[in-house]
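Every number in this text was worked out from the coordinates using simple rules, so none of it is lab data. Remember, predicted model here, so these are calculated numbers, not experimental data. Cβ atoms come from the backbone with ideal geometry, glycine included; neighbour counts cover every protein chain shown.
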Amino acid sequence: MGYYIVQGGKKIEGDFAVRGSKNAALPILAACLLAEDEVVLENCPLIQDVFLTIEILRELGCTVTLSEESRSLIIDSRNLSETTICSETVQRMRSSILFLGALLGREKKAVLGHPGGCCIGKRPIDLHLCAFEKMGVVIREKDGILDCEVPHILGYHLYLDFPSVGATENILLLAAKAEGVTVIHNAAREPEVVALARFLRACGAEIYGEGTSNIMIEGVTHLHGAYFSIPADRIEGGTFLCAAALTKGELRTKGLEREQMEAVLSAMEQTGCRFLWEKGDTLWMRPPKILRSGFSITTGPFPYFPTDMQPLMMSLLTLANGTCMMSETVFEARFSQADGLCRMGADICVSGQTATIRGVEKLHGAEVYGKDLRCGAALLVAALAAEGESRIHGSAFVERGYEKIEDAFSLLGGNVRLEA
Ligand code: EPZ
């Protein structure tokens, strides 16, 4: 697995156009199976998880044309010929579980491996499967393989015990073609769920209430193609804002949507960062001379502070002028970046779901290991501010969700290179 080499101590500053959202693109790509003619997607992020999802679509018989230059995708699923996704692929990428709802909605049958957990938590899919059974899906699970069929997709009033993003998205994919009305109570409100609902509506689905805790879907018999632009990635935007703030650079981002960033900007404002929205989707950030502390941050489902930004915010707080607390309520094991940050000189103590970060004067370069996507990104961000050279292993994790991040940081003043 490759690694990044970073010469720290240089400001990350200037203008950054945020790319398309990974967590919006992946469910929308699965949803293309439901469209009965061509779909054109614009502003597609050129990241490994998208390339792997394109592979799955092609294995199922879809025609997928990717133009990296224009960042657009043309997907035609009219020649779909498969309803089985091999378990190795599912193991490599959890979001392939979203093909369950899409394949059942399209072909009324699907066979794919149980995604299993990963290093941030067990990540069960009980909420997905429980909802599907209520909607008429017959699920046979043997040796980690889910063999599903649904003679009739039944609209149902569902209540999610937790506002799961994936479960909400999977239900939307199945309910779009149900016989009757489905209501999801305690639905996830994440912007990525909203983007999926808007895409499905562009294909002719009848969906109401996305972005709230109650979503109603009136099933239709056919969904047509659409032209859709993937919204900007709020987590990539937050990542670059944290990198600039930690290295004392002023940054202007383009593409972010104001209502999606409130929790993240509010947390960063507590460190003394100042923000100004200019002309719609241009956000200007100026960091303080000294990062302030003395507050706590707790992650939660949207609109609370996003769990995906927790590792990046922890990196920012390592150089604050005092102590901060962070609580992780969404995943049970998502503080893996703390070890690497401490190797760089940070003072972090983790106890269960809470971390105490005592700010230090400076970080120093070190050899560290990213164990998942956001952990690797957090270590990379810290290395940008550390004195000296750092090596961050686990670049393959980072490349799953960030497009050529080494080039992006280098264009903004950083000294980062990837050793494959
Ligand atoms: C999505 O994962 C995102 N991934 C995650 O981003 C993100 O962290 C997460 O939502 C929360 O916002 C994609 O969109 C591809 P969940 P997902 O279902 O859908 C429990 C990143 O770094 N749960 O909302 O898997 C689960 O264990 C990734 O970009 C059940 O108990 O998240 C977890 O504790 C990481 N049973 C909590 O809910 C279920 O059936 C949140 O999971 C489903 C989930």
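For the reader, a short list of remarks on this structure follows.
- Inter-part distance where segment 313-388 and segment 201-246 are each reduced to a Cα centre, Å: 30
- Each Lys or Arg adds one and each Asp or Glu takes one away; over the other residues whose Cβ falls under 14 Å from the Cβ of Val40, this sums to -3.
- Legend: calculated FRET efficiency, Ile290 to Leu418, from the Cβ-Cβ distance at R0 = 30 Å, rounded to 0.05, equals 0.40.
- Note on Ser72, Ser390: ascending count of other Cβ atoms within 10 Å places them as Ser72, Ser390, the fewest first.
- Largest to smallest principal axis extent of the C-alpha atoms in segment 82-194, angstrom: 35, 31, 20
- Spin-label pair Glu257/Cys118, simplified geometry with 7 Å Cα→Cβ offset, distance in nm: 2.3
- Computed over the chain, the per-residue total of -39500 (n - 2.57) for DSSP H runs of n ≥ 4 gives a 222 nm mean residue ellipticity of -9500 deg cm²/dmol, rounded to 500.
- Once the Kirkwood radius over Cα pairs is known for segment 22-218, the Stokes-Einstein relation at 25 °C and 0.890 mPa s delivers a diffusion coefficient of 149 µm²/s.
- Translational diffusion of segment 1-50, µm² s⁻¹ [Kirkwood Rh, Cα pairs; Stokes-Einstein; 37 °C; 0.692 mPa s]: 230
- Span from the segment 52-101 Cα centroid across to the segment 283-308 one, whole angstrom: 35
- Estimated Rh, the chain: Kirkwood, alpha-carbon pairs, angstrom: 21.8
- For Lys362, a cut-off of 16 angstrom between C-alpha atoms picks up these aspartates and glutamates, skipping any fewer than 8 places away in its own chain: Asp347, Glu387, Glu389.
- Net charge, Ile139 excluded, C-beta distance under 10 Å - Lys, Arg +1, Asp, Glu -1: -3
- Anisotropy class of segment 266-420 from Cα gyration tensor, a/c 1.5 cut: rounded
- Sum of side-chain charges, Pro287 neighbourhood, beta-carbon under 9 Å (Lys, Arg +1; Asp, Glu -1): +3
- Overall form of segment 244-329: oblate. Here a/c, set by the Cα gyration tensor axes a ≥ b ≥ c, is 1.5 or more, and a/b is not larger than b/c.
- Spin-label model, Asn214/Asp147: points 7 Å from Cα along the beta carbon direction are separated by 4.1 nm.
- Eligible lysines near Lys404 by straight Cα distance, threshold 23 Å, same-chain separation 8 or greater: Lys10, Lys11, Lys22, Lys248, Lys254, Lys371
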